[in-house]
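Okay, structure first, notes after.
The values are calculated or read from the model by the stated rules, or taken from the named source; none is laboratory data. This is a predicted model, so every value here is computed, not measured. Positions of Cβ are generated from backbone atoms using ideal geometry, with glycine treated the same way; all protein chains shown enter the neighbour counts.
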Amino acid sequence: MCCRFLFFFQSSYKAVLNYLYCHRIKPIGVTNYTNSVELNHITHSFGDHRVLSDVSVSFKKNKITSILGKSGSGKSTLLQIINGMIQPNEGHVILEGKPLDYKNIYSLRLQIGYVVQSVGLFPHMTIGGNISLLGKISKKPKKEIELRVEELMKMVRLPLSYLDKYPHQLSGGEQQRAGLCRAMLLRPSLLLMDEPFASLDHETKQGIYHHLLDIQNKESRTIVIVTHDWEESIKLADHFIWIADGKIKASGDKSDLVSLKGTYLSAL
Ligand code: ADP
Ligand code: MG
């Protein structure tokens, strides 16, 4: 009787494990999501102007995904929906497997890096003050912040002597690198970037791409980068989505984007 029970228990246990394996179901307690962000059936309008129509898309964990599309196609709106700055009229945002909690939006935003084209460094604060700001707001120990600031400055190849300078004393490219350091100070698992390099010249951009990919190699995170620039997307992104007329016109990986070059550029 006892043996029979043991046999039944063992075979059922194996069957359950087999089922979990075959259906790729993660046992409860293991928070290892393939997708960092999932947008389900997002629709959003500003007044009568419908910008996004039933958009469903997921962004893979620790990969760089670009959001491509011409000006006014809703790229920035989509990015702001991901970090809760805009609450969509319809649909759901799932972050790391949980629905976005709009009641705790401020603590959530501390965990999401955000970089925009205008950099947004505070002009009256030194570079050091700007980069360490979120560390101070979230009351991290001073030494820990100092070490992290130094680590990031090294990654983007900014000399430590710049910490006492003010933003206007740095070039556009250097300011954008300081902006990157600020966004990554708290090691956010998700980094959102809205046309961050659009105002930089071609050569400066190449340098920054190199720094960004270098950081991504050293500490991988999920990066969603809005850009209209096909070449930027090819250089940086593992995956892309192309938004047009409020919908996803195409999506895929780098090789899919290579074959779409002509179609994309003629649609801009
Ligand atoms: P993109 O980033 O692709 O250029 P946006 O997401 O910024 O496009 O904007 C999409 C459309 O929504 C545009 O027509 C824009 O004018 C409009 N829009 C964006 N934000 C607002 C807003 N806060 N109020 C009204 N209309 C807006
Ligand atoms: Mg925009």
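Taken together, LYS139, LYS70, LYS143, LYS154 contain a single residue that is closer than 30 Å to ALA250 by Cα, out of contact with any strand residue (DSSP E or B) (no Cβ under 7 Å at 6 or more places or on another chain) and not acidic (Asp, Glu), which is LYS70. On the stretch given as the stretch 61-85, residues that are crowded, with 18+ Cβ neighbours inside 10 Å, assigned to a loop (DSSP other than H, G, I, E, B) and within 16 Å of ligand 2 (Cβ to nearest atom) total 4. Pairs meeting the criteria (first residue in the stretch 99-122 and more than 18 Å from ILE223 (Cα to Cα) and of a type in the set (A, V, I, L, M), second residue at pLDDT 85 or above and not in a loop (DSSP other than H, G, I, E, B), beta carbons under 8 Å, at least 6 apart or on different chains) are LEU121/ILE127; LEU121/ASN130; LEU121/PRO167; LEU121/GLN175; LEU121/ALA178; LEU121/GLY179; LEU121/ARG182.
Inspect all residues belonging to the stretch 238-259 and state whether any of them is surrounded by 14 or more Cβ atoms within 10 Å (Cβ to Cβ), assigned to a loop (DSSP other than H, G, I, E, B) and without any contact (Cβ under 8 Å) to a residue 60 or more places away in the chain. No: zero hits. For the stretch 188-204, a residue qualifies if it is more than 12 Å from the chain's Cα centre (by Cα) and either more than 16 Å from ligand 2 (Cβ to nearest atom) or modelled with pLDDT of 90 or more (or both), and the qualifying residues are GLU195, LEU200, ASP201, HIS202, GLU203, THR204. The set of residues from the stretch 83-93 being among the aliphatic types (A, V, I, L, M) and away from ligand 1 (no atom under 12 Å from the Cβ) comprises just one member, VAL93. Those helices (runs of 4 or more DSSP H) of the stretch 126-228 in which 3 or more residues are within 24 Å of VAL37 (Cβ to Cβ) occupy 172-184, 202-218.
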